[in-house]
Structures are given as C-alpha cells and as structure tokens.
Amino acid sequence: MSWFKRDHSAVKLPRLRDGERRVRTEGLWQKCDGCRQIIWKKDLENNWSLCPKCGHHFRLDVTARLKLLLDDGDYETFDDGLTSSDPLGFEDSKLYRDRLVTMQEATHLSDALIAAAGKLAGRRVQICVMDIRFIGGSMGCVVGEKITRAIERSLAESSPLIVVSASGGARMQEGAVSLMQMAKVSAGLMRLDEAKLPYISILTDPTTGGVTASFAMLGDLNIAEPGALIGFAGPRVIEQTIRQKLPEGFQRSEFLLKHGMLDAVVPRLEMKPYLAKALEFFAG
Ligand SMILES: [Zn+2]
C-alpha cells in the first residue's frame, strides 16, 4: 500500500537490526486517520488521544475521560462488580460466559460501562462512560442497570446526569434482554425529566444501534465530539439497502449537527467548560 511506504519513510526509526527493529517498534506507532501521518503512541496518550499534528479525535480511554471531565480527576465509582448472568446461555464462536471473562481480564472492567460520580466545575454530577473495547461497547443488562442506578442516584441527590456513549448498539448475546434496556433506561430518563434534573448526552466515536435509538439521543443536550460516527444502521448497510451513494460525511457529527440531529459538536478539550456552562444554565 503506497501510503504506508510514504509515511513510514517520513519517520526516523532508531538504528536497529531487522529482528530487533520489529520487536522494539511494534505497537509504538499509530497512523492518524485525519492527516495520515504516523504518530508516536506516547504523544497521543499525553495529548488526551488527540492527534498532535491535526487534532483528530482518537478514541479516549474511559478512565482518562473521567479524569478530563471531573475536578482534580477525582471520582468514585459504583456497581463495579455487576456482571451479566448470561440469561440465554448464549454461544456463538465461543461461549458468551467465556467471552465475558476474557473481556473482563483484558479491560479490568465488569462490563462496557463505568458509573461514577464526582464534581464538574464544583457541581456534583453522576456520570456514566461507555468503553468500546468491551464487546464493542455493547449494551446488555449490566449497562442498562448501571445507567438506571445512576439515574436513581441523580434523583436521590438532585444532581445532573451525564452519559458518554461509545457503542456498537445492543448486545446480541443477550437477545431481547438487551433490547429491553432501551425501554428501561428511557423510562428512567423520563423520571429525571419529571424531576427537572438535567441529563446531558455526549456521543463519541462510534455511537450506533440501540444506544443511539435510546439514551444517547434523549439528552436535554445531545453533544458530540468532532468526526464521530453516529447512526443506527451502518452506512454500508444503508447504501446496500437503498442502492444509492450516501453524501459526503454522512453519519458524522458535523453532518448530524447541520441536519438538526445534535445540539452541538464540541472538541474534547473544550467539553468540560462547555458542560460547566450548560449545567449552570440549567441550574438557573
Ligand atoms: Zn492527524
């Protein structure tokens, strides 16, 4: 592939023997989808997963997200031990039960969402952050239950709720149980609305399927990060179904904002001040 050769030659690698080079450099570099340059991963990590050259938004680690948004990077978590009971006894290429264990070991999370609370610009908030690494950030009974419990804590202490989504949609391995979470969380959010407590939804790359079709689009404010893929079905599926070429930028944040599906597109480093201002407005 031509781009690889070009970009690779632009990067000065340390002088090592061939075998050594492969070992030492593996996984240290990342190609940027925005500017196609090769970036040192350490530079990405130190820059909140933003490309230091073009500002492209890479996916941000859940704990980094909480640190970025909450005062002093300080927060407490809830329901960390909640895991799926595998209600269907599901099996595809491997047992769902085993898949869960593998994921839990790889991510050190019980499921695809962290529920936390902390202060945002001095104001107490409940915040849930989804992790795309955990079975595609899919929503099963644990994700639904954790958000519902966060809503209940919001109601109990009259604090706003923020949910940061990153998801491939409902978790197929839990069948109808996962689809029920859409209704359950939506009903919970209605209670928040009746109590006049703000709920802000932040959509990050990618937010699709049942998550978009429920809580990710039900915010008093629906805010996305730049360039995030947001939709229900994927662009390829739609294109094949309607047999038409989709417009440029279809299902990206900016396109959705332009067509009235979002309230704002806010760059990652501006998100906290934006949220602080919004919450102040809601409180007033
Ligand atoms: Zn870039």
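Quick rundown of the values:
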quantity	calculated
Of all accessible heavy-atom area on the chain, the percent that carbon and sulfur account for (1.4 Å)	53
If the convex hull is drawn through the Cα atoms of region 171-215, its volume per residue in Å³	62
Total formal charge among the other residues, if their Cβ is under 15 angstrom from that of Phe232, Lys/Arg +1 and Asp/Glu -1	+1
Cα gyration tensor of the chain - equivalent ellipsoid semi-axes, whole Å, descending	32, 23, 21
Relative contact order for the chain, counting Cα pairs under 8 Å that sit 6 or more residues apart, in percent	12
Surface per residue (accessible, 1.4 Å probe) for region 215-260, Å²	62
Whole-number Å³ per residue for the convex hull built on Cα positions in region 127-232	77
Cα-centre dipole for the chain with unit charges at Cβ (Lys and Arg positive, Asp and Glu negative), debye to 20	1220
Lysines with Cα under 27 Å of Lys245, excluding same-chain neighbours fewer than 8 positions away	Lys258
Ranked by how many other beta carbons lie within 10 Å on average, peptides 189-200, 90-101, 240-251 from highest	189-200, 90-101, 240-251
Cβ-based charge dipole, region 76-166, positive-most Cα from Ile151, Pro87, Leu120	Leu120
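The values are calculated or read from the model by the stated rules, or taken from the named source; none is laboratory data. Just so it is clear, the model here is predicted, and its values are computed rather than measured. Please note: Cβ atoms are built from the backbone with ideal geometry, for glycine as well, and neighbour counts cover all protein chains shown. When the accessible area is computed, the model is the full protein with side chains, heavy atoms only, and any ligands, DNA or RNA have been set aside. Shrake-Rupley method; radii C 1.70, N 1.55, O 1.52, S 1.80 Å.
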